[in-house]
Amino acid sequence: MSKCSSMSNQCLINKAEDEQIDLVWDRYEKMKPLCGFGEKGICCRICMKGPCRIDPFGDGPQEGICGANADTIVARNLIRMIASGTSAHSLHGKEIAKTLLKVGRKTSETYSIKDEAKLKTVAGKIGITTENKDIYQIAEEVAYKSLQDYGRIEEDACSWLRNTVTPMRMEKLQNLGIAPNNIESSVTDIMSRTHVGTDADPVNLLLAGLRCSIADYTGMQISTNLSDVLFGTPEPVISEANLSVIKEDAVNIAVHGHNPLLSEIIVDVVDEMQKEAIDAGAKEGINIVGVCCTGNEVLLRRGIPLASNYLSQELTILTGALDAMVVDVQCIMPSVSKIADCYQTKLFTTMPDAKIPGAEHLELHDADARDNAKNIVRQSIEAFKRRDTSKILIPKEKNKVIAGFSPESIVNLLGKIDQEKPLRPIIDNIVNGNIRGIVLFAGCNNVKITQDHNYITMAKELLANDILILATGCGAGAFAQNSMMNSQATTDYAGENLKSVLTLLGHEAGLEAPLPPVLHMGSCVDNSRGVDLAVSLANELGVDLNQLPLAASAPELMSEKAIAIGTWVTGLGIPAHIGLMPPVDGSPLVAGVLTSGLKDITDGYFIVEPDPTEAATKLIEVIEKKRAALNIPSKIKERV
Ligand code: BF8
Ligand code: SF4
């Protein structure tokens with residue numbers, strides 16, 4: 001199996017081999033064979049009577065020491081993953097909300113409100129009136145009410161859930177008892193009920209997981225919307241992607257992780273410090289590049305080029321030209337510390353809950369965020385001076401990217417065609433079959449799959465079948481790195497009907513070129529943007545989310561956050577394809593609930609399909625069935 005789909009990245013993998021540096025792929029090989037009990041989810045180390053494991057072949061123990069069977073153990077393990085994913089996304093949102101609260105109270109020395117219009121829209125969404133209130137008061141109230149979603153006592157559902165899904169979906173979630181009133185208690189609930197000797201009913205456990213995943217969705221809404229208020233709502237922006245965005249003649253600083261609170265400030269201070277870098281010999285000054293979701297955040301809002309998604313993060317350092325990597329939280333391989341040591345690269349950690357041995361820790365506080373950012377940039381300039389130029393190897397392959405497709409920007413764009421009903425052109429084209437459906441690609445890379453391969457294979461198939469693609473997280477990174485987010489990609493990959501729509505929309509919107517066939521919506525928390533768009537379409541048509549010709553896919557998922565996202569996608573009634581079996585097939589019952597039983601409860605379900613071509617075929621079938629149920633014509637049938 002090749003390691004990554006990019007030939008130019010392969011040269012860095014070879015370089016690592018020459019320099020005897022282990023990368024993620026090498027550590028994976030050394031780890032084989034992976035633990036079969038772990039892969040099936042049937043090991044339990046919840047209490048110290050164990051660890052216990054269930055024999056998947058039926059010869060050995062079928063119960064843990066306490067009597068828990070495979071169904072209980074698998075369900076408990078799975079929902080603990082959901083709880084962890086929910087914590088990660090939600091805490092991100094909480095940090096942003098706390099920052100907005102400071103801004104509203106005029107106690108922030110660093111941050112301000114960049115999008116007042118969005119603040120007012122958001123206020124309306126969560127039931128806050130704006131008349132006769134100044135912008136600070138609105139910000140304070142919005143932040144306060146958002147923070148209440150983390151700890152409310154009242155039994156009614158979270159504010160950020162109530163008005164962000166369709167009314168029908170809300171009713172369904174409430175009737176099922178899975179509309180959370182409190183994000184953090186949905187996590188605590190899981191940790192409590194999975195304690196030894198508590199909930200042993202796999203279905204009851206899974207329902208708690210489903211409820212927690214809806215809390216995950218709620219936290220994402222907070223993260224995305226309040227980040228837009230503080231840092232601006234993305235508009236289409238042209239940039240580049242791939243490791244080639246690292247420049248030999250610049251001081252290169254990678255921002256990596258998820259939370260935009262620090263990366264935004266670094267981008268801000270760079271302008272003031274360009275001269276220092278040039279004086280140090282960096283002809284092109286300071287060059288900020290993005291990695292993972294922090295990379296997506298600054299790409300969408302600031303046009304910062306994206307160097308890498310998850311799996312090739314180590315390769316950014318292997319170029320020998322990365323002078324600093326600044327990380328915040330989540331999806332940072334601890335290995336970057338050791339690899340940075342082989343080069344001049346400085347590694348900075350910035351969050352109290354995410355330290356890495358070997359890194360310099362410069363904590364982000366509102367009062368000194370700018371000073372810390374300058375300190376980081378200054379140390380990066382010093383690192384640039386220490387570079388060993390003989391070790392530099394930067395791949396050449398560069399890809400143009402058009403990013404920044406927030407629902408607001410899509411509405412603005414389409415408003416140029418129909419100001420009264422901006423979504424009409426999309427709806428009309430879905431109804432007439434020019435756009436047969438929409439698939440949202442999300443999630444990670446996984447070392448078990450050739451990097452980006454599943455994304456690209458599936459997308460080509462779906463686009464050829466006139467299915468529009470939205471993308472977030474490392475999925476978006478995969479498409480950006482593989483030239484699928486520009487106008488040329490529409491010419492190259494879109495089916496004739498989709499191509500004509502994207503060309504027409506692009507021209508009518510004044511772009512003088514087709515819209516890209518894969519729309520970059522942002523980081524993983526920005527999956528909420530995909531829901532916003534879908535909810536607007538559903539509300540316009542007067543249907544629920546499960547009725548739309550929609551699906552989601554995480555073909556290379558890896559993290560617990562991806563499990564949480566996949567689960568809420570199904571909770572919202574949308575089929576979710578995953579390209580790897582999560583650790584659940586030690587329990588046919590749990591696997592069965594996820595892949596079919598859920599359908600009767602939420603209308604959503606998981607499709608597990610490792611083969612990307614098969615997966616695309618299955619998603620096309622799903623979309624055709626939804627079209628048939630809505631009674632809108634099927635171009636497939638017409639063609640046959
Ligand atoms: O939150 S897609 S590898 S970077 S978990 Fe992580 Fe997965 Fe990437 Fe963004 Ni999302
Ligand atoms: Fe074993 Fe039960 Fe303890 Fe798990 S909770 S480790 S199954 S005894």
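The values are calculated or read from the model by the stated rules, or taken from the named source; none is laboratory data. Here the structure is a predicted model, which is why all the values come from computation and not from measurement. When we count neighbours, we look across all protein chains shown, and the Cβ atoms used for this are built from the backbone with ideal geometry, even at glycine. Each accessible area value is taken on the protein alone, full model and side chains, heavy atoms only, with ligands, DNA and RNA left out. Shrake-Rupley method; radii C 1.70, N 1.55, O 1.52, S 1.80 Å.
Just one of (1) under 27 Å from I42 (Cβ atoms); (2) crowded, with 21+ Cβ neighbours inside 10 Å fails for L619. It is (1).
Please tell me if A321 is open to solvent by 10 Å² or more (accessible area, probe 1.4 Å) and away from ligand 1 (no atom under 11 Å from the Cβ). Full working, then the answer.
Numbers: open to solvent by 10 Å² or more (accessible area, probe 1.4 Å): no; away from ligand 1 (no atom under 11 Å from the Cβ): yes.
Spelling it out, it is not the case that A321 is open to solvent by 10 Å² or more (accessible area, probe 1.4 Å) and away from ligand 1 (no atom under 11 Å from the Cβ).
Set side by side, the residues I46, I65, I73 differ, and just one is more than 16 Å from ligand 1 (Cβ to nearest atom), crowded, with 18+ Cβ neighbours inside 10 Å and outside any helix (DSSP H, G or I), which is I46. Does D18 count as open to solvent by 60 Å² or more (accessible area, probe 1.4 Å), away from ligand 2 (no atom under 16 Å from the Cβ) and on the phi < 0 side of the Ramachandran plot? Yes: the conditions hold for D18.
Just to check your reading of the model, which residue among S84, S108, S90 is touching a residue at least 12 places away in the same chain (Cβ under 8 Å) and either open to solvent by 40 Å² or more (accessible area, probe 1.4 Å) or of a type in the set (V, I, T) (or both)?
Only one candidate passes the filter, namely S84.
If you filter region 164-214 down to residues that are assigned to a helix (DSSP H, G or I) and within 16 Å of ligand 2 (Cβ to nearest atom), you find that the one that is surrounded by the fewest Cβ atoms within 10 Å (Cβ to Cβ) is S192.
In region 330-358, the qualifying residues are those that are assigned to a helix (DSSP H, G or I) and in contact with a helix residue (DSSP H, G or I) (Cβ under 7 Å, 6 or more places away or on another chain), and the one that is farthest from D22 (Cα to Cα) is A340. Here E39 meets each of (1) touching a residue at least 40 places away in the same chain (Cβ under 8 Å); (2) more than 28 Å from the chain's Cα centre (by Cα) with one exception, condition (2). When E276 is tested against (1) open to solvent by 10 Å² or more (accessible area, probe 1.4 Å); (2) assigned to a loop (DSSP other than H, G, I, E, B), only condition (2) is not met. Residues that are touching a residue at least 40 places away in the same chain (Cβ under 8 Å) and β-branched (V, I, T) were ranked within region 194-210; the one that is nearest to ligand 1 (Cβ to nearest atom) is T194. Which one is farthest from ligand 2 (Cβ to nearest atom), of the residues in region 44-76 that are farther than 12 Å from V196 by Cα, of a type outside the set (V, I, T) and touching a residue at least 60 places away in the same chain (Cβ under 8 Å)? Of everything passing the filter in region 44-76, P56 is farthest from ligand 2 (Cβ to nearest atom).
Just wondering, is there one or more residues in region 211-218 that are touching a Lys or Arg at 6+ places or on another chain (Cβ under 9 Å), of a type in the set (A, V, I, L, M, F, W, C) and either touching a residue at least 24 places away in the same chain (Cβ under 8 Å) or more than 16 Å from ligand 1 (Cβ to nearest atom) (or both)? Step through it out loud before you land on a result.
So in region 211-218, the residues touching a Lys or Arg at 6+ places or on another chain (Cβ under 9 Å) come out as 216.
Retained after the next criterion (residues that are of a type in the set (A, V, I, L, M, F, W, C)): none.
Within region 211-218 (the criterion being touching a Lys or Arg at 6+ places or on another chain (Cβ under 9 Å), of a type in the set (A, V, I, L, M, F, W, C) and either touching a residue at least 24 places away in the same chain (Cβ under 8 Å) or more than 16 Å from ligand 1 (Cβ to nearest atom) (or both)), the answer is no, since none of the residues qualifies.
In region 24-38, of all residues being open to solvent by less than 90 Å² (accessible area, probe 1.4 Å) and charged (D, E, K, R), the one that is farthest from ligand 2 (Cβ to nearest atom) corresponds to D26.
Give region 311-334 a look and list any residue that's free of Cβ contacts under 8 Å to residues at least 60 places away in the same chain and either more than 30 Å from G281 (Cα to Cα) or under 20 Å from the mean Cα position of the chain (by Cα) (or both), or say none. Give the steps one after another, and end with the answer.
Here is the first cut: in region 311-334, the ones free of Cβ contacts under 8 Å to residues at least 60 places away in the same chain are 313, 317, 334.
The answer is Q313, P334.
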